[in-house]
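Okay, structure first, notes after.
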């Protein structure tokens, strides 16, 4: 005979606050001003659990229109797709929808949440999943002042998870900073820049311009660039990367100075060599697999000491956690929008993105540079960005050419000795 598992106890916002010795205030209806002007924590809940979630399709449509870069598991979702994914996180036996905090003012934080349309980042996107609910107007808010709001927020969330077995519906980050695995990327409209349309123009110089071009090439000055009509090169994809938790398919662009914009994520591409991409994966793995658990453990250990008002270890661990999570997000975005520079066997006839260039100057003698993307630039290692003055001047050049580059100290003549 089988037995049904014991259902999770019904948690009340008021009781949860009281269980942590917090002075409870409220409740007040969602959307009404909250008088709490001090730092503290707050809980948004329904009057009673709802067996089924009611997600407003009109709200989802507005969300998709405000966030054109929003993706679900890597693809643009339909309204039904997004409704289904959000519904999968609903807890039918619980009334609590969200647990949050504010370091400055609970009232100001909630006022910002009220004013922020679904899909917008400003003034306050915290708990934005709440805006997808059709019955949000039935919700109520409990709050309490607290000397360390973040600590109490994590404590309340840990208590909820322990009792309910999952996060409240609209909480997207677990205690310790780990994000919920919901499959959504770029849910807010300013997380991805609008796409840039690139147009190539073909123009044949007239006789006077041709004469000026020849004269300028004889005088070591950089000649005007002739723009030729080109056919966009085919973009292929590598197999999913095998290193790191955020392994993705990385588009590859042939080594050419004639970079053509191609449809895809509406964000500036991050040009990386295979070595640079591997380094990002390695750093991300180090931060998520080793450093993150260490910091979380340090925070927990510091809490066990009791009073946190003068606990230097706790403050230091919190700051390190904030920096670490910011760097993790940055690395994930860089890897996601990486455009890898493919190695070439075409020989050294032209300086392109990814080329190693040997140059010679009267002032510094012979030097070697590798032309890389800005994310991988390291002057001390001889890696210069293709957007730097020297990088821009070298692109498209051939062995034997001499160019003049304006630098902060004046100008330098560079002779291209070899291209590898």
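Taken together, the values in this text are just the output of simple stated rules run on the coordinates, not laboratory data. Please read all numbers here as calculations on a predicted model, not as lab measurements. All Cβ positions, even for glycine, are placed from backbone atoms using ideal geometry, and neighbour counts span all protein chains on display.
Data overview
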quantity	calculated
Listed peptides 107-118, 70-81 by packing density, highest first (mean Cβ within 10 Å)	107-118, 70-81
Dimensions (Å) - the stretch 13-175, Cα atoms, principal axes, largest first	45, 31, 27
Protection-proxy order for peptides 275-282, 94-101, 163-170, each taking the mean of Cβ atoms within 10 Å per residue, highest first	94-101, 163-170, 275-282
Mean projected area (nm²) of the alpha-carbon convex hull when the stretch 41-82 is viewed from all directions	4.8 nm²
Volume per residue that the Cα convex hull of the stretch 356-419 spans, once the total is divided by residue count, Å³	80 Å³
Mean Cβ neighbour count within 10 Å, used as a protection proxy, ranking 141-154, 328-341 highest first	141-154, 328-341
